[in-house]
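Peer 1: Have a look at this one before I ask anything.
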Amino acid sequence: MSTTVLLDPVVTVGGMALAKVKAIEIKTTAADLDDTSADDGGYAVHAAGIRNGTCRIMFNQGWGTNSADALLSSKVGQEVEVVARPKGTATSATNPTFTFDILILEGTLMGGQIGDIMTDDITYPIQGAVVKTTS
């Protein structure tokens, strides 16, 4: 069993690098549809429905050029392209690049507690397919 540690993810939003990314999660799911009929022997039968994707990003807030405010909060209601890699090194089989569009539905302009670093953790819906590149 091998272990992968996420040390320095690279995330660009609309072609600009998002500074201070703390975590990223790209998830796809399919709706669980009940396909049970009378002749299924009393057991539920499931079918996969339309796929759906989400992208969760945790980052430090800020107001500079590559800040979350400039790249995410200012684009509420818009679709933007996201490109993400687990590490800052070149794309490869062990460091794939994921490209997809997200719909910005919310943005936190400022939030946190006194004495703490201002962070945000937002999940965005993915618009369409996620493309994985390994070379």
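Peer 1: Please list 45-55, 8-18 highest first by mean number of surrounding beta-carbon atoms within 10 Å per residue.
Peer 2: The packing order, highest mean first, is 8-18, 45-55.
Peer 1: Kindly list the residues of region 86-126 that lie in the label zone of Ala17, defined by a backbone N under 11 Å from the point 7 Å along the Cα-to-C-beta vector.
Peer 2: Residues 88-89 qualify, since their backbone N sits under 11 Å from the label point.
Peer 1: Given R₀ = 25 Å, what would the calculated FRET efficiency be for Asn60 paired with Asn95, taking r from the Cβ atoms and rounding to 0.05?
Peer 2: 0.60
Peer 1: How big is the dipole moment of region 1-88 about its Cα centre under a simple scheme where the beta carbon of each Lys and Arg is +1, that of each Asp and Glu is -1, and everything else is neutral? Debye, nearest 20, please.
Peer 2: Working: 8 positive and 10 negative charges, 151 e Å.
Here region 1-88 has a charge dipole of around 720 debye.
Peer 1: Right, next: Given the pairs Lys87/Lys132; Lys22/Lys87; Lys27/Lys75, which are separated by over 18 angstrom at their Cα positions?
Peer 2: Lys27/Lys75
Peer 1: Something else: Given (i) 73; (ii) 55; (iii) 65, which label gives percent of Cα pairs over 17 Å apart as computed from the coordinates?
Peer 2: Label (iii) holds the value from this structure.
Here, each number is a calculation from the coordinates, and none is a lab measurement. Computed from a prediction, not measured in an experiment: that's the story for all the values here. No Cβ is skipped: glycine too gets one built from the backbone with ideal geometry, and neighbour counts run over all protein chains shown.
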